[in-house]
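Enquirer: One structure, as structure tokens, below. Some questions next.
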Amino acid sequence: MLRQITLQVKADNRLQEAARAHDAKLTVVDCKSFNKTGMSLLLELRGGANAVRSATSEIRKIPGVRQVVEGESESDVSPVLVVMDRPPICKASNDAAIVCLDCPLNADDQPASWRFIARRTSDFRQILAHLEKEGIETRIEDVAPLERRPTLTGRQKEIMATAVASGYFEFPRKISLTGLSQLVGVKPSTLSEILRSAERRIMANALGVPFQED
């Protein structure tokens, strides 16, 4: 049976430390493992040009980082591709073939909450054993059968939280779509679709009706 597991982990997060040291906000957008030890991370760095430049320079100095490629900035958001040795948490997830729902590398503080889907109990035990071997402290927060009801993605949660906090859903609105797009760092047209998709998921979940994936 598929299980959704939430695990609290306490480990070094040098990517976040590098960004925080230069007043930049770092988000892991996507990741991909390759060969036996390497992985690539697509990051978004938010902040002023100097902050992003300094944070990127700091990331290059992290042990295990092989290559850092900067993309073109849009507003205050800069895409950055990092090729590096797999962090211990990523090693554990790759060896056990789990599916991450929330990336613990996105946590600003420690310990971080790590939510993932495991196929078997043995996969979960393998994760715990691997993390213990790496000296990473863990605490089980929740283990539950995987629900089929639609949930928001991490990015949708982040944007919806910002929209609510900024008064986008109030009447009259306290912030426009354009203003909100500047806050979250995406184009208005893209933001509009993200909001619609998140609203569909929330309504389908609340009403218990079938949901068609985006």
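Enquirer: Mind checking the range 1-85 for GluC sites (Glu not before Pro) that DSSP puts in a loop (not H, G, I, E or B) and that have at most 10 other Cβ atoms within 10 Å? Provide the component values of the computation, followed by the final result.
Expert: Values: sites: E17, E44, E58, E70, E72, E74; in loops: E72.
When the GluC sites (Glu not before Pro) of the range 1-85 are filtered for loop state and at most 10 Cβ neighbours within 10 Å, E72 remain.
Enquirer: Kindly write out, for the range 127-136 in residue order, the coupling ³J(HN,Hα) from the Karplus curve 6.51 cos²θ - 1.76 cosθ + 1.60 (θ = phi - 60°), rounded to whole Hz, with x marking Gly and Pro.
Expert: Ordered by residue, 3J(HN,Hα) equals 4, 4, 5, 5, 5, 5, 4, 7, x, 9 Hz.
Enquirer: Kirkwood Rh over Cα pairs of the range 65-135 into Stokes-Einstein at 4 °C, 1.567 mPa s: D in µm²/s? Walk me through the numbers on the way to the answer.
Expert: On the way: Rh = 14.1 Å.
For these conditions, the coefficient is 92 µm²/s.
Enquirer: Please report the spacing between the Cα centers of the range 55-93 and the range 1-24 in Å, no decimals.
Expert: Result: 14 Å between the Cα centres.
Enquirer: Taking only C-alpha pairs under 8 Å that are 6+ residues apart, what is the relative contact order of the range 25-112 in percent?
Expert: Numbers: 124 pairs, mean separation 24.5, N = 88.
It comes to 28 percent, rounded to a whole number.
Enquirer: Mind putting a number on the dipole of the range 154-207 about its Cα centre? Charges go on the C-beta only, +1 for Lys and Arg and -1 for Asp and Glu, and I need it in Debye to the nearest 20. Walk me through the intermediate numbers first.
Expert: Details: 8 positive and 4 negative charges, 15 e Å.
The dipole magnitude comes to about 80 debye.
Enquirer: If you don't mind, another one. Any idea how far apart L42 and M203 come out in nm if each label point goes 7 Å out from Cα toward Cβ?
Expert: Label-label distance for L42 and M203, simple model: 2.9 nm.
Enquirer: Another one. State, to one decimal in nm, how far the label point of E70 lies from the label point of K32, with both points 7 Å from Cα in the Cβ direction.
Expert: 2.4
Enquirer: How far apart, in nm, are two points set 7 Å out from the Cα along the Cα-to-Cβ line at D108 and at A129?
Expert: 3.8
Enquirer: Under a GNM of the chain (C-alpha, springs under 10 Å), which listed residue has the highest mean-square fluctuation: M84, M160, M203?
Expert: M203
Enquirer: Sticking with this one: Can you find, among A118, L105, V83, the residue farthest towards the positive end of the dipole of the range 3-145? Put +1 on the C-beta of Lys and Arg, -1 on that of Asp and Glu.
Expert: Farthest towards the positive end: A118.
Enquirer: In a shell of Cβ-Cβ distance under 13 Å around L177, excluding L177 itself, what net charge do Lys and Arg (+1) and Asp and Glu (-1) give? Don't jump to the answer; show the numbers that get you there.
Expert: Details: positive: R173, K174, K187, R196; negative: E193.
Around L177, the surrounding residues sum to +3.
Enquirer: Now for a different question. Using the charge dipole of the chain (Lys, Arg: +1 at Cβ; Asp, Glu: -1 at Cβ; taken about the Cα centre), state which of I175, G135, T27 has its Cα farthest towards the positive end.
Expert: Comparing the listed Cα positions along the dipole, G135 ranks first.
Enquirer: Normalised by the residues of the chain, what does the relative contact order come to in percent, with Cα pairs under 8 Å and at least six apart?
Expert: Details: 341 pairs, mean separation 49.8, N = 214.
In percent, rounded to a whole number, it is 23.
Enquirer: What is the Rg over Rh value, at two decimals, for the range 154-207, using alpha-carbon atoms and the Kirkwood definition of Rh? Don't skip to the end; give the middle numbers.
Expert: Working: Rg = 10.8 Å, Rh = 11.3 Å.
Rounded to two decimals, Rg over Rh is 0.96.
Enquirer: OK, next. Under a Cβ-only charge scheme (Lys and Arg +1, Asp and Glu -1), can you give me the dipole magnitude of the range 1-120 about the Cα centre, in debye to the nearest 20?
Expert: On the way: 17 positive and 15 negative charges, 134 e Å.
Dipole of the range 1-120, to the nearest 20 debye: 640 debye.
Enquirer: Assign unit charges at the C-beta atoms only (+1 for Lys and Arg, -1 for Asp and Glu), then state the dipole size of the chain relative to its Cα centre in Debye, rounded to the nearest 20.
Expert: Details: 30 positive and 28 negative charges, 81 e Å.
Roughly 380 debye, rounded to the nearest 20.
Read-outs: derived from the displayed coordinates by stated rules, not from any lab. Computed from a prediction, not measured in an experiment: that's the story for all the values here. Cβ coordinates were reconstructed from backbone atoms using ideal geometry, including for glycine residues, and neighbour counts include every protein chain displayed.
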